[in-house]
Each structure stands twice: as structure tokens, then as C-alpha cells.
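Read-outs: derived from the displayed coordinates by stated rules, not from any lab. Computed from a predicted model, the values in this text were never measured in an experiment. Every residue, glycine among them, receives a Cβ derived from its backbone with ideal geometry; neighbour counts consider all protein chains shown.
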Amino acid sequence: MPASKKRDTRARAFAQIFASPFYIAVVVAAIAVYYELFHYLIVSSNDGIFLVTVPLYLIYALIFTASLLFATSVFAVGKSVKARYAGAEGGVLSAFTSSIGGLVVGCSCYAPIFSSVLYAIGFGTLQVSSAISFLGAYQSWFVVVFIAANLIFIYYQLGRIIRIGGMPKRG
């Protein structure tokens, strides 16, 4: 199948999902939940101050793509149940990328968690401090990577939805 034909079918699947008011409501609800998750992670780690060290448009893009991935995953789960076809991992991934993104975006909240994990797996003091400074220096790029992961997994989920739609029901 030519690449342009695959894009057309994925685009039609995307349009089919978001033509429904239910899935638009799922996106809006997920945006609210993921934003509150970000807000909580940042405020709780910065002693009550909402201090963000990456551009806000990256935060909003991460929240939006995670919400789209969640809604796409909800649609895939519904379609999987009808077709009796297992698997819909996108909802878990969207929660993971927004949670880790929230930790990276906060000015210092990732340092204690990240350093504890690194110490537990055997890193030394200089290695841990180097890793934390690397994470701090390139945190915007890490958020971009999370956004890209969401977009890639949305693309993957749309392909799964197309395959599930073409499968006969078992049972």
C-alpha cells in the first residue's frame, strides 16, 4: 500500500474519532486532568510557587498531545472490546509522558527523585550531579522528545484502529 494511502486512512480514522462529541469531551477532560497534574507536581516541589523553566507553549503542547493520545486510546479500547482484540497501551503512555514531563518542567522537583533513583542503581555523587545538570540544561529538549513520543504513539494507535476495524470478530 503506498505511503499516501496509509496517511489518508489514518487521517480518516483521526477524523472519525474526533467527529464524536464524546471524544472531544474526553480530550477536554484529559487536558484539565493533565494540567492539574503538572500544576500539582510543580507547586508541590517548589514550596507553593508555580515556577516553570521551559516555555509554556511546550507545556501546553505536551498536555494537548497527551490528551489526544489518551482519547485515541479510549477509542482503541472500545474498538478492541467490540472486536475482541487485546491491547491499548496509549492511555498508559500518555499518563507516563505527562507525569515525567511535569517532573522535568518543574524547576527542581525532578532532582531529588532522579538522584535517588540514580544512587539506588549505583551511580556516584559526581555522576548524579552531572546527570541532573544535563537534565536541567536540556529540559526543553526532553519535553520535545515527550511530545514526539506522544505523536508517534498517536500514529501507531491510529494504525491499530484501522487494523482492528478490518478484523472479523472472534468468538
Ranked by how many other beta carbons lie within 10 Å on average, peptides 26-38, 64-76 from highest:
64-76, 26-38
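How much length is gained on full extension from ALA25 to LEU151, taking 0.36 nm per residue of separation minus their Cα-Cα distance? Walk me through the numbers on the way to the answer.
Numbers: separation 126, 0.36 × 126 = 45.36 nm, distance 1.97 nm.
43.4 nm is the gain from fully extending ALA25 to LEU151.
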